[in-house]
1. What helices (runs of 4 or more DSSP H) completely inside the stretch 70-128 contain at least 1 residues that are of a type in the set (Phe, Trp, Tyr)?
2. Which residue is nearest to ALA326 (Cα to Cα), if the candidates are limited to the stretch 161-179 and must be in contact with a His (Cβ under 9 Å, 6 or more places away or on another chain) and either open to solvent by less than 50 Å² (accessible area, probe 1.4 Å) or basic (Lys, Arg) (or both)?
3. Just the residues that are touching a helix residue (DSSP H, G or I) at 6+ places or on another chain (Cβ under 8 Å), of a type in the set (A, V, I, L, M, F, W, C) and more than 25 Å from GLN382 (Cα to Cα), please, taken from the stretch 397-418.
4. Filter the stretch 244-289 down to residues that are among the acidic types (Asp, Glu) and surrounded by fewer than 21 Cβ atoms within 10 Å (Cβ to Cβ) and give me whichever is farthest from GLU509 (Cα to Cα).
5. Is it the case, given these coordinates, that PHE386 is crowded, with 16+ Cβ neighbours inside 10 Å, without any contact (Cβ under 8 Å) to a residue 40 or more places away in the chain and more than 42 Å from the chain's Cα centre (by Cα)?
6. Take the residues of the stretch 290-300 that are touching a residue at least 60 places away in the same chain (Cβ under 8 Å) and part of a loop (DSSP other than H, G, I, E, B): which is most open to solvent (accessible area, probe 1.4 Å)?
7. If you take the residues of the stretch 458-488 that are out of contact with any Lys or Arg (no Cβ under 7 Å at 6 or more places or on another chain) and of a type in the set (S, T, N, Q), which of them is modelled with the lowest pLDDT?
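The values are calculated or read from the model by the stated rules, or taken from the named source; none is laboratory data. Treat the numbers as computed from the prediction; the structure is a model and nothing was measured. FYI the Cβ positions are ideal-geometry reconstructions off the backbone, even for glycines, and counts take in every protein chain you see. For the accessible areas, the whole protein counts, side chains as well, though only heavy atoms, and no ligand, DNA or RNA atoms are used. Shrake-Rupley method; radii C 1.70, N 1.55, O 1.52, S 1.80 Å.
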Amino acid sequence: MFLQQPEQVIPSLQRQFYLVRRQELTQEKKQLEKQLEQYSFEGKMDELSEKSLRLFRAELSERYNWKGQRRHFEMHDFRDNAEEFNREYPVILSTTYSIKGTLNFEHVYDYLIVDEASQVDLATGVLALSCAKNVVIVGDLQQLPNVLDSKNFQDSEKIWSRYALPEIYHFASHSLLSSAIETWPEIPMVLLREHYRCHPKIINFCNQKFYGGQLIVMTEDHQEQDVLTMYHTVAGNHARGHVNQRQIDVIQKEVLPALTQKGYRSIGIITPYRDQVAAIKAQLGKEVEVATVHKFQGREKDAIVLTSVDNVITDFVDDPKMLNVAVSRAVKSLTVITSQNPQNDQTNYGDLTRYIQYHNCEVIDSTVYSVFDLLYHEYAEQRRMFLKKHGRVSEYDSENLLYTVIQRILSEEKYSFVDCAVHVSVANLIRDNSLLTEEEAVYVANPLTHVDFLLFRRMDKSPLLAIEVDGTAFHTAGSAQADRDEKKNIIFEKYGIPLLRLRTDGSGEKEKIEQGLEMAISKS
């Protein structure tokens, strides 16, 4: 062999190494399997738990006079007899803000255990440390820190700049946990590696992505179906500010029905933005619990739905700590909703997509769409061809697109008695102004006041359903147009004419029109 050229020798040696190494590992595996063959892990865990509980009870029985009557305390004993009270009740539960004054202000505890220390601010954290001989700080730097509002941030920065404190005491950038680690780099630190909450497929994403594979997952994978699911909304810039209506529609029409069908009752919806929380609550009511990632930290649900909101995921949404917390709230099922934008492939959400695909879980292209999707620049050519084929009835593409939907609906035989008119003056609908206020009468008399579409009976021209197309930019809340919209809503309600508003960032226009039309026909 060694008489051969190096480029021939090296591959041969590598092959021999792997053959020998494989034999060694196979033999070691057989030995370990033989050792574990008769070992009952569940039995040993039960034995450990039982013996630990017996030891704990034995310690309690020696310390406390369990055969006699225990002392009764009054409210004033919290302050006046703190030592005796703490001796009788050794575990005191409190917050870092309140622990200093829970008992006597001079009382000193033997040990203080601070949980979720990554969310504890320095001021209340240090206040808590002042009342104990020893401290155990429990937290995770891979989870979210405490959040300061603008006023607290400004106040803390003023103090910071005034006293020139060391960086480790920087209130705005350090939690109690991060400050303690930098202040005492030599103190004993233990990683709590065992994880008992999430399904292995869920937590292993966090384990690989954020913890370097150090976690020991104690839950079991029973090959459950659809543990991880990702929905991609159809192409388009669906987010408006910090609200993404299309992702809300996907939740309502696809995700929640699927989770309910699978029997999930404990469902939570997590989103990075408060505006999205408010929008989901307004549309779903109390059907499920909805909150931001920060509000959900420290909690869990059997099924979690995570909506990313952004069209192109921003640094704020892509924060690894936020994603780590959001994913690890899910016990049995995680559903993620994002856009299809290729730029998202380079984010942490992109890694989550690849992880889901690697584990042969579902990545679903949502079927929730809107005729108004053709308004997005991605569909410019399709829109041009579509409108060329169907013609125009308005200067606005949004109205032209919706008109084709209306025409398709009215072509069905059951609606043969219904027709549609475009840009109908409200003054032609309402001739009797007796129900109107003076301001409303002026508004109705304005020749520019109209409805975009009116569905009416062919026989007597009686109105069935008025339809308005609301562009998201022009009809924003608080605008003059929004005020006019509300005025029109009130007027139509007074005269019993159903008015359907369709936002250009919504979906399911055909179903909404059919539902509105059926309801109007049944009442007329």
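1. Details: elements: 77-80, 82-88, 99-102.
Passing ranges, in order: 77-80, 82-88.
2. That would be SER179.
3. Passing the criteria: only VAL418.
4. GLU289
5. Working: crowded, with 16+ Cβ neighbours inside 10 Å: yes; without any contact (Cβ under 8 Å) to a residue 40 or more places away in the chain: yes; more than 42 Å from the chain's Cα centre (by Cα): no.
Judged against the criteria, PHE386 is not a match.
6. Going through the stretch 290-300, the residues touching a residue at least 60 places away in the same chain (Cβ under 8 Å) turn out to be 293-294, 297-298, 300.
Still in the running and part of a loop (DSSP other than H, G, I, E, B): 297-298, 300.
Details: GLN297: 17, GLY298: 51, GLU300: 101 Å².
Filtering the stretch 290-300 for residues that are touching a residue at least 60 places away in the same chain (Cβ under 8 Å) and part of a loop (DSSP other than H, G, I, E, B), the one most open to solvent (accessible area, probe 1.4 Å) comes out as GLU300.
7. Initial filter on the stretch 458-488 (out of contact with any Lys or Arg (no Cβ under 7 Å at 6 or more places or on another chain)): 458-463, 465-467, 469, 471, 473-488.
Next, only the ones that are of a type in the set (S, T, N, Q) stay: 462, 476, 479, 481.
Values: SER462: 92, THR476: 78, SER479: 83, GLN481: 86.
Of everything passing the filter in the stretch 458-488, THR476 is modelled with the lowest pLDDT.
Here's the yes/no breakdown for (1) modelled with pLDDT of 95 or more; (2) assigned to a strand (DSSP E or B):
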{"site": "ASN344", "(1), (2)": "no, no"}
{"site": "TYR349", "(1), (2)": "yes, no"}
{"site": "LEU352", "(1), (2)": "yes, no"}
{"site": "ASN360", "(1), (2)": "no, no"}
{"site": "ILE364", "(1), (2)": "no, yes"}
{"site": "THR367", "(1), (2)": "no, no"}
{"site": "PHE372", "(1), (2)": "no, no"}
{"site": "GLU378", "(1), (2)": "no, no"}
